[in-house]
1. In this model, which of 126/300; 291/595; 624/655 are farther than 23 Å apart at the alpha-carbon?
2. If amide hydrogens are placed 1.01 Å from N in the peptide plane, which non-local residues have theirs closer than 5 Å to the one on residue 469?
3. Go through 127, 553, 71 and say which Cα lies farthest out towards the positive end of the charge dipole of the chain; charges sit on Cβ, +1 for Lys and Arg, -1 for Asp and Glu.
4. To the nearest 20 Debye, how big is the dipole of segment 538-632 about its Cα centre, given +1 on the beta carbon of each Lys and Arg and -1 on that of each Asp and Glu?
5. Quick one: if the Förster radius is 30 Å, what FRET efficiency do residue 58 and residue 181 give, using the C-beta to C-beta distance and rounding to 0.05?
6. For residue 544, which sequence-distant residues (separation of 5 or more, or a different chain) have an amide H within less than 5 Å of its own amide H, given hydrogens modelled in the peptide plane?
7. With charges set only on the Cβ (+1 for Lys and Arg, -1 for Asp and Glu), what does the dipole of segment 481-572 come to about its Cα centre, in debye to the nearest 20?
8. Once Rh is set to the Kirkwood radius over Cα pairs, what Stokes-Einstein translational diffusion coefficient, in µm²/s, holds for segment 528-620 at a temperature of 10 °C and a viscosity of 1.306 mPa s?
Amino acid sequence: CGSGAFPMGVLHKLVFVLGKLDRGNAGWRDLQRGRAIAETDAAYRIGDRAERKRRLDEIEEVFAGNSSDYGRKLYLIENCIYGVDIQPIAVQIAKLRFFVSLVVDQSSDPGQPNRGIRPLPNLETKFVAANTLLGIERPQLQIAFRNPQIETKEAELAEVRRRHFLARTPATKQKRRDEDERLRGEIADLLRGDGWSDAVASQLARWNPYDQNAHADFFDPEWMFEMQAGFDLVIGNPPYVRQEQIKEYKVAFQRQYTCYTGTADLYVYFFERALQCLKSNGILSYISSNKYFRAGYGEKLRLLLATQTTLHQLIDFGDAPVFTAIAYPSIIVARKARPVDNQTRVFNWQPGPPIEEFAPIFQERSIGLEQAQLTADGWKLEQPAVLRLLEKLRAAGKPLGEFVNGRLYRGIITGLNEAFVVDRPTRDRLIAEHLSSVDLLKPFLRGRDVKRWQVQFADQYLIRIESSENKRHPWTGESDSAAEKTFAAAYPAVYRHLVSFRDALIRRDDQGHYFWELRSCAFWSEFEQPKIVIPAIVQRTEYASDLGRYFTNDKTSFCVTDKTEYLLGILNSKLFWWFIQQTAASRQGGFFEFKPMYVTQIPIAVSGDPKPIEGAVARILAAKAQDPAADVSALEAEIDRLVYALYGLMEEEIKIVEGKT
């Protein structure tokens, strides 16, 4: 619930609808009268005649003399709206917003105690602080063989919480809270006898909804909200937390979620959790990051949503600054029901018009997309003609990863660049201090040094010391202290340089068998082969040729091939800049991720004559070798035409690629 924006929005919308359906509130009042009598006499068999009269008097008091919306709000808050957040302060703020909303609809009377203002309800069991993503483990046979005494006690607990909701005095509140604690303990004892583990039963008993300074380490809608069948609507804005920050939860997530992937960010699990909490045909509506549309870690989530829900709307805002709290926002509206010939309304918002004009633009420009086209390999919210073109390209070639026989790699992760990457003066000094240093210092490229067609070496050097897992050094196999002495004797200048970073080198995650070694890498020799280097995040195609001199950092990837000129022509063409825009994750500012997971899928044509493309690329590389700033636009246009022909594009398809239709 965050600090209450979504629940408050729901409250206002429901009040608005009730006001349209029942302007005088007569029907609403009668409905609540009937419900109060049924609950006390039929449903729970707890209330007596005095209790029934008290409830009916309360209903009359609620509706008499107050704004029509007050009675509507009070009932909706008690029976329809629930919120959960892991931060107690957020829950407190949410409750405060609801208090204020109720106060403004009460009429004051100076002649009455407290000026006629009714005490505010107690919302502790309507908005709770809990870890939404961690559920409890129920016995599998619980439903079939449940002890009926548990249901009786749970009904008593539900009634206690209803009475606490409207309790007015501190003494009455404390009485209900004491009853709540007693019943939780009694239910926990019954659960233990019903096959529940002692740990889970104790966990349920310990949860105290009235402790405003703590959050529960689990969330269970039935135990906390009496919601056995599930919710009608789950709405929210899942927190965007990187997977590196949730390591302590991954074991639990793997056990509880079918969409678990070790690299998935936190928000992914909120989708499946929503489906767990919904009743059949319930609605999920989220604002979240759009990363799961295309990211590898989103594959299981895409499959889950595409096959287990009916997707009503998918809206992608790209990198438009629509919501300040989230980058790359998207909106999903889905029903918990298997899809049957469903058409999903999809829309890509293009920055430009003010966001206030969103509704009419969505109505005019959103398109219907067969849900069957939203497959696990990636979601593209595009016109059918665009999807057909993507399929045509894939059918015309072999994925780049296969074309290069799997020889596509990520650059080097040192774990501490300031220690292992040095400039030219430092390199020269280390060699001057001891000639052995030359064996370890290798020319090095950063992502920013990779330009279109060629690399631009910036006099950066890598201290390359392979892990002992990959190479046998003079110190390999020795104890840490002995190995360090051997390393210092073999490469004294480099040792003195690295030892100045000793503590940081020891603390880093990415290291070899000894702290001065780089992490294990099975493809060291591939760096020195003819290759194509690919920067990780760029605003256009920036594939560059490297004839085997350079090592590269982790802001690049590279593929090793003897078809360098042919591949460069295809990869740097307009067609495959368009392709990567359709298939790769975007970043703010018009950047796209050229990560291996996306680049490996680029289809490379295996039929047709490669020589015209190779010839044009050879002329470009020759011109760039003479003058890095040489104008090669005419040759690039020629390559674009050759690539279009190679893949058999028609005129209308070329217009799609070039943004002319």
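1. With Cα atoms farther than 23 Å apart: 126/300; 624/655.
2. 513
3. 71
4. The dipole magnitude comes to about 180 debye.
5. 0.75
6. Under 5 Å from the amide H of residue 544: 453, 533.
7. 280
8. 115
The values are calculated or read from the model by the stated rules, or taken from the named source; none is laboratory data. Everything quoted here is computed from the prediction, not taken from an experiment. Using ideal geometry, Cβ is built from the backbone for each residue, glycine included, and neighbour counts are taken over all protein chains shown. Areas reflect the complete protein model, heavy atoms only, side chains present, ligands, DNA and RNA absent. Shrake-Rupley method; radii C 1.70, N 1.55, O 1.52, S 1.80 Å.
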